[in-house]
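The values are calculated or read from the model by the stated rules, or taken from the named source; none is laboratory data. Just so it is clear, the model here is predicted, and its values are computed rather than measured. Positions of Cβ are backbone-derived with ideal geometry, glycine not excepted, and every protein chain shown enters the neighbour counts. Accessible surface is based on the protein model in full, side chains and every heavy atom, while ligands, DNA and RNA are left aside. Shrake-Rupley method; radii C 1.70, N 1.55, O 1.52, S 1.80 Å.
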Amino acid sequence: MAGRIQTPGESVLARAMRMLRAFDADHDRLTVAELAQRAGLPLSTAHRLATDLVAEGALGRTPDGRYTIGTALWELGELAPVSLRLRNLAMPHLMSLYDATGENVHLAVLDGYETLYLERITGPRAIRLLSRVGGRHPLHTTGVGKALLTTRDDTWFAGYAAVELERDTTFSITSHKHLLADIEAARERGYAVTRQEMTLGNVSIAAALPPIEGLPPAAVGVVTHLERVDEGTLAPQVVRTAQVIADTIQSAR
């Protein structure tokens, strides 16, 4: 987003959204000049929008004058269906999966051509990960991402074919042909697996939730270390958790 040029006729709302999207995990506190540069807006426009966004609670201010995401956005975000219907109702079952495995547990949804993480449960025994709640990762190198790919049809994959499959490790799949074969194998066994494809030494086992009306495709996954992975034990637990979460959401309607 850095260096983007202001589009003639662009609405105030569009510019404000560009301001808000200037923030990420590595840039959670920004000066107005940084906001302007990352959003591709004139400094005067960024200053005016930042003032309005602070007044509405969408942005906050730190003592040193930098801007942060405001609590009003968090409050509204908690009303999103993926939070109210999916994450909140899934939480007890995610905790049960963590208690049973002691490993990192993920809940994620498909957003465009990326994996969006809604929840992560970890503990002292679990390995360290790059993922975070609200973070995004590629579909082809993550367990939950591959599980989400099992829910997609040929029409969707036709568009996905234009996405470059970047290599995170030497084990990453970078060929769409090979990825499709891997996804077909995942469909047949009922769960997806990644072996050192995003982080060396890590293995992920994940399963997609059955389709739920009003919610994006979702998946549950467990990430463990290569030296202690027990696929025969973990896979049924993950698949069962995905089904139980879907059943819980359906019964709550």
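Kindly indicate which of Pro92, Pro63 is outside any helix (DSSP H, G or I), open to solvent by 70 Å² or more (accessible area, probe 1.4 Å) and more than 23 Å from Arg18 (Cα to Cα).
Pro63
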Counting only residues that are touching a residue at least 40 places away in the same chain (Cβ under 8 Å) and among the aliphatic types (A, V, I, L, M), which one in the range 229-241 is nearest to Ile212 (Cα to Cα)?
Val239
Going through Leu226, Leu209, Leu200 one at a time, which residue ends up being closer than 14 Å to Ala246 by Cβ and among the aliphatic types (A, V, I, L, M)?
Leu209
Subset of the range 4-63 that is touching a residue at least 24 places away in the same chain (Cβ under 8 Å) and of a type in the set (D, E, K, R) - its residue that is nearest to Gly135 (Cα to Cα):
Asp28
Candidate set from the range 66-82 (those that are exposed (fewer than 15 other Cβ atoms within 10 Å of the Cβ) and not hydrophobic (A, V, I, L, M, F, W, C)); member that is farthest from Ala235 (Cα to Cα)
Thr68
When the range 25-53 is checked residue by residue, the ones that are surrounded by fewer than 16 Cβ atoms within 10 Å (Cβ to Cβ) and either out of contact with any helix residue (DSSP H, G or I) (no Cβ under 8 Å at 6 or more places or on another chain) or at positive phi (or both) are Ala25, Asp26, Asp28, Arg29, Thr31, Ser44, Arg48, Thr51
If the requirement is being without any contact (Cβ under 8 Å) to a residue 24 or more places away in the chain and either within 18 Å of the chain's Cα centre (by Cα) or closer than 20 Å to Glu213 by Cα (or both), which of these qualifies: Ala90, Ala80?
Ala80
Scan the range 67-74 and give yes if some residue there is within 17 Å of Thr241 (Cα to Cα), over 16 Å from the mean Cα position of the chain (by Cα) and of a type outside the set (Val, Ile, Thr), otherwise no.
no
Selection from the range 215-241 of residues open to solvent by 20 Å² or more (accessible area, probe 1.4 Å) and closer than 20 Å to Tyr117 by Cβ yields Leu215, Pro216, Pro217, His225, Gln237, Val239
Inspect the range 228-246 for any residue being within 23 Å of Glu166 (Cα to Cα) and either of a type in the set (D, E, K, R) or modelled with pLDDT under 95 (or both) and give the result as yes or no.
no
